[in-house]
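Beneath this line is the structure, given in structure tokens, with notes to follow.
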């Protein structure tokens, strides 16, 4: 049985998960899209309309990937963040063993760390879509620009996600090819890079 452990600052993890969770589906009929997918390189989510992928500067984990319900994970992190307000800093450990996950927050004291709280849950028994194929499609433009539309609701989601990662780093439209290919928006900070994917809309002229 494989065990995956992710350890990072509580505030950092809460901000990253909270941002990526904006891309997860809330439709329980599509439960494979209601989760946040954590791998050795990325934290990502998609509802099939937009996709968010965060790549930290330091590896997240060397263990097996896991798909965790976005609502459950964000609720756990929000509650732990509230409980940790009385402490100067706090660390979190996200441990995944088989089909179970455990999130624990502790005080950032190497000599005598105190447990702030622990949450447990089960991973989603489903396969996350192959997002890399979509990113591979979104290459820099090689054709003249065509008038292209973007759903304003989805664009607002991308902006909110970016601001959760950083309130000062710009949201950059990194690629555009044709109205049939996805657009990638990036936000880069010292601690990692956020990539968001959005399908454009063709404008009939």
Given the conditions (1) surrounded by 16 or more Cβ atoms within 10 Å (Cβ to Cβ); (2) more than 18 Å from the chain's Cα centre (by Cα); (3) not in a strand (DSSP E or B), every one holds for residue 105 apart from (3)
Does residue 153 satisfy the condition of being at pLDDT 75 or above, out of contact with any helix residue (DSSP H, G or I) (no Cβ under 7 Å at 6 or more places or on another chain) and either surrounded by fewer than 17 Cβ atoms within 10 Å (Cβ to Cβ) or over 26 Å from residue 32 (Cα atoms) (or both)?
yes
Only one of 183, 172 is touching a strand residue (DSSP E or B) at 6+ places or on another chain (Cβ under 8 Å), modelled with pLDDT under 95 and under 28 Å from residue 27 (Cβ atoms), namely 183
Expected single match for within 17 Å of the chain's Cα centre (by Cα), surrounded by fewer than 14 Cβ atoms within 10 Å (Cβ to Cβ) and either closer than 28 Å to residue 154 by Cβ or at pLDDT 90 or above (or both) among 45, 76, 57 is 57
Scanning region 108-139 for residues that are under 30 Å from residue 175 (Cα atoms) and exposed (fewer than 12 other Cβ atoms within 10 Å of the Cβ) gives 127, 130, 132, 133, 136
Note on residue 71: of the conditions (1) part of a strand (DSSP E or B); (2) more than 11 Å from the chain's Cα centre (by Cα); (3) modelled with pLDDT of 95 or more, unmet is (1)
Pairs returned, first residue in region 16-42 that is within 19 Å of residue 157 (Cα to Cα), second residue that is surrounded by fewer than 15 Cβ atoms within 10 Å (Cβ to Cβ) and at pLDDT below 90, beta-carbon separation under 8 angstrom, 6 or more apart or interchain, are 34/28
For residue 133, the lone unmet condition from (1) outside any strand (DSSP E or B); (2) under 20 Å from residue 35 (Cα atoms); (3) modelled with pLDDT of 95 or more is (3)
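The values are calculated or read from the model by the stated rules, or taken from the named source; none is laboratory data. Here the structure is a predicted model, which means the values were calculated and not measured. Cβ sites come from the backbone with ideal geometry, for glycine too, and all protein chains shown count toward neighbours.
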